[in-house]
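Let me begin by presenting the structure, written as structure tokens, before commenting on it.
The values are calculated or read from the model by the stated rules, or taken from the named source; none is laboratory data. Quantities reported herein were computed from a predicted structural model and do not represent experimental measurements. Here the Cβ positions follow ideal geometry from the backbone for every residue, glycine too, while neighbour counts run over all protein chains shown. Calculation scope for accessible area: heavy atoms of the full protein, side chains included, ligands and nucleic acids excluded. Shrake-Rupley method; radii C 1.70, N 1.55, O 1.52, S 1.80 Å.
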Amino acid sequence: MIWHPFSLAIVMVDALALLFVVKAAATSVRVAADWSPGSSTKQQITLETAAETGAMSARAAFGLLIGSTLVLVVAVTNVFPGIVPGAMCGTVVLQATGGNGTQAFMFKLLCLGIFYLWYILDRLDRTSPDAPLARMNAKMLLLAAPFAILAVFATFNTLNTLNSLDAHTPVDCCAVVYDQFTGTRGVAHARGPSDHQLVWSFGILTFLLICLGSVGVFWRKKRSGLISGTAAIFSLAWGTISALFLVRVLSAYTYEVLHHHCPWCLFLPEHHYVGFALFGLLGLAVIQAPTAYVCHWAGLAHPGLAEKSDRLARRSLAAMIFFILVFTVAAAGPAISWRMRYGVWMS
Amino acid sequence: MRELSCHQLCFSRPAPGGRTVGILDRIDTQFTAGSMSVISGATGAGKSTLVYLLCGLLRPTGGEIRADNAPVSRWVSAHKDLWRKDVGIVFQHSHLINDLTAFENVILPLIVRHKDMKEIRSAGLTSLERLDVGHLAGKPAGKLSGGERQKVATARALCTSPGLLLADEPTAHQDDPSAAHILELFAAHARNGNIVIVVAHDRRVLSGKMADRRFRLSGGNMDQIK
């Protein structure tokens, strides 16, 4: 069967990214094992050159993985529903991939998160001419590489499954929603926390993160690692709660329909592709506190970088506050507008 | 820049058959501010390679180059680029941009230093006039003779008043008075507290009395002869 052009594009970009990842990982193994900054032997000088080209490969891989993930989201939400029988959004497309699609997204997000942290550390490393974080960066790349490989293979399986679908068997999109309610266990699982609990959890976590972020930005004393570390843990919880809050509570005001808890419909043109902005902001907000913590950690390991890493950590915490506020305003905007127009909440 | 030093500096190139050809072999030397050094050697001895290594355009395969005790040859590119802002180079083949005028070629290194345009204009013209090629300012570099191109390239290297000036055969296409004038400019630049390194096999450079120190490159080794 002929592959869809979007599938081909994703596979090609992923394959290219994989080549760069393998090249960067191979260099990282050597750097992690043999890096010896005090020596000026031929082996070390060759390694320094290799580390620089390895970093360039890793940056290329990071850029390509961002690109392929974006194209995959566009394809799953706006292109593949056209070729998967009965699909109206990404939910059925992902169900049709038999779990491969969800795995692909999970691995890609994990890989991008680690790559982002590596990218920040690499930028920090480049502020000093003697590359003091070379070994730490190599280890970070080695951590990202398996996820990148898994992401590429899961994506290939996803596209392969979609490509081999029987396009002539009709499927009812609503079956996906009804599938969740087979038996009381399924209902309980689909319900999860109540809307009320989600609103409160989101509110409390948002408030806590803004407070922690503000303390981290303005507090000039030590213990900033404790603050950014705590913020990192809270931001992961905030990310999960916010995604649930967005899908279970706030999306109703975008769809203007109750009980349509679908994250993928937010990416459709009829909803002005709002999912790209909202989930993008969510991702950016979540990654900032771990970035601040990693910077703090790098500063502790290399006192020469302490001042720069502290500045970067503060900037990350400030960015976290900014993205949280923008996300809150963007996500809650339709709900507030609805309340002002009709005087009631949708619940 | 107060001092530029080579520590066990080695450079080799890959050759067919998986072999490597050694060009420079464990060179240890230092160049101090306020002095002009001349390096000579037979054709193919590695003089130009040494210039490329000293200015950071090539990475050594062993050892290191230190500027004020910082291992600049091992720095990552971004930092090396910053350091190179204090380096002026006169290339053997001039490397001018043919479509730009002589004046535009000279002011290129000043533009990337984000200086005021008035200052750039003045420095560019002054530098051309010091080399006696002020009248060529508006002429495209592609239409200049070999000697004129070399003078423009020298003006370009001097106009930033670099802490380290490297010149590769700067008098090869010059008549005797012009060669003497260029060497006098280099010596004056060194007397102003800068490091000047001239690589040449031109007898006028080797027999001149401007150089404070002389070296000879042979068989990958560098020996001081003065």
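Scalar couplings 3J(HN,Hα) for region A:117-126, obtained by applying the Karplus form with A = 6.51, B = -1.76, C = 1.60 to θ = phi - 60°, are 5, 4, 4, 5, 5, 5, 5, 5, 4, 6 Hz; x denotes Gly and Pro. Summing Lys and Arg as +1 and Asp and Glu as -1 over all other residues whose Cβ lies under 14 Å from the Cβ of A:R311 gives a net charge of +3. The alpha carbons of region A:62-141 give a radius of gyration and a Dmax of 17.6, 58 Å, in that order.
Model label sites at A:V22 and A:L208, defined 7 Å from Cα along the beta-carbon direction, differ in position by 4.4 nm. Helices of chain B meeting both criteria, an alpha-carbon length of 30 angstrom or more along the long axis and an average Kyte-Doolittle score not below 1.0, with helices taken as full DSSP H segments, do not occur.
Electrostatic tally near B:L9: other residues with Cβ closer than 13 Å to its Cβ, Lys and Arg +1, Asp and Glu -1, net +2. Note: relative contact order over region A:189-347, using C-alpha pairs below 8 Å and six or more positions apart, is 26 percent. Counting only protein chain heavy atoms and rolling a 1.4 Å probe, the accessible areas of A:S39, A:S337, A:S309 rank, largest first, as A:S337, A:S39, A:S309.
When B:S77, A:S128 are compared by accessible surface with a 1.4 Å probe, the order from highest to lowest is B:S77, A:S128. For the protein assembly as shown, the convex hull spanned by the alpha carbon atoms encloses 218 Å³ per residue. Please sort by residue number the GluC sites (Glu not before Pro) in region A:239-347 whose DSSP state is loop and whose Cβ has at most 12 other Cβ atoms within 10 Å. Within region A:239-347, the qualifying GluC sites (Glu not before Pro) (loop, at most 12 other Cβ atoms within 10 Å) are A:E256.
Return the calculated 222 nm mean residue ellipticity for chain A, to the nearest 500 deg cm²/dmol, obtained by summing -39500 (n - 2.57) across DSSP H runs with n ≥ 4 and dividing by the residue count. Value at 222 nm, helices only, nearest 500: -25500 deg cm²/dmol. Among the listed pairs A:K23/B:K47; A:K139/B:K47; B:K47/B:K139; A:K23/B:K80; A:K42/B:K151; A:K308/B:K47, a Cα-Cα separation exceeding 29 Å is found for A:K23/B:K47; A:K139/B:K47; B:K47/B:K139; A:K42/B:K151; A:K308/B:K47.
Charge dipole of region A:1-179 (Cα centre as origin; +1 on each Lys and Arg Cβ, -1 on each Asp and Glu Cβ, all else neutral): 460 debye, rounded to the nearest 20. Of the chymotrypsin sites (Phe, Trp or Tyr not before Pro) in region A:305-347, the ones in a loop by DSSP (not H, G, I, E or B) with at most 14 other beta carbons within 10 Å are A:W345.
Comparing A:G38, A:G304, A:G213 in a Gaussian network model of chain A (Cα springs below 10 Å), the most mobile by mean-square fluctuation is A:G38. Dividing the summed helix terms, -39500 (n - 2.57) for each DSSP H run of n ≥ 4, by the number of residues in chain B produces a 222 nm estimate of -9500 deg cm²/dmol to the nearest 500.
Surface composition of region A:1-179: carbon plus sulfur atoms contribute 71% of the solvent-accessible area (1.4 Å probe, protein chains only, all chains present). Annotation note: GluC sites (Glu not before Pro) in region B:116-220 located in DSSP loop regions with a Cβ neighbour count of at most 13 within 10 Å are absent.
With everything on Cα atoms, drop me the angle between helix A:42-74 and the longest principal axis of chain A, reported from 0 to 90° to the nearest 10. Compared with the principal axis, the helix lies near 10 degrees. Chains A and B together bury roughly 1200 Å² of accessible surface, counting both sides and using a 1.4 Å probe on protein heavy atoms. A simple spin-label model places the labels of A:W200 and A:W345 1.2 nm from each other, with each point 7 Å out along Cα-to-Cβ.
Here the label points at B:Q224 and A:S164, each 7 Å from Cα along the C-beta direction, are separated by 7.5 nm in the simple model. Within the assembled protein chains, the solvent-accessible surface assigned to A:V71 is about 50 Å², based on a 1.4 Å probe. In chain B, how does Rg compare with the Kirkwood Rh, expressed as the Rg/Rh ratio over alpha carbon atoms? Rg/Rh for chain B comes to 0.97. Taking every protein chain into account, the accessible area of the protein assembly as shown amounts to 47 square angstrom per residue (probe 1.4 Å). For A:R135, the accessible surface of its heavy atoms amounts to roughly 90 Å² (probe 1.4 Å, protein chains only, rounded to the nearest 10).
Solvent-accessible surface, computed for protein heavy atoms with a probe of 1.4 Å, shrinks by 30 Å² or more for the following residues of region A:123-157 when the other protein chains are added to the isolated chain: A:R126, A:P129. Around the Cα centre of region A:189-347, unit charges on the Cβ atoms of Lys, Arg, Asp and Glu (plus for the first two, minus for the last two) sum to a dipole of about 600 debye. Within the shell of other residues whose beta carbon sits under 10 angstrom from the beta carbon of B:L110, the net charge comes to +2, with Lys and Arg scored +1 and Asp and Glu -1. Over chain A, Cα pairs under 8 Å with separation of 6+ residues give a relative contact order of 17 percent. Legend: residues in region A:45-74 shielded by at least 40 square angstrom of accessible surface upon adding the remaining protein chains to the isolated chain (1.4 Å probe, heavy atoms) are A:I45, A:E48, A:E52.
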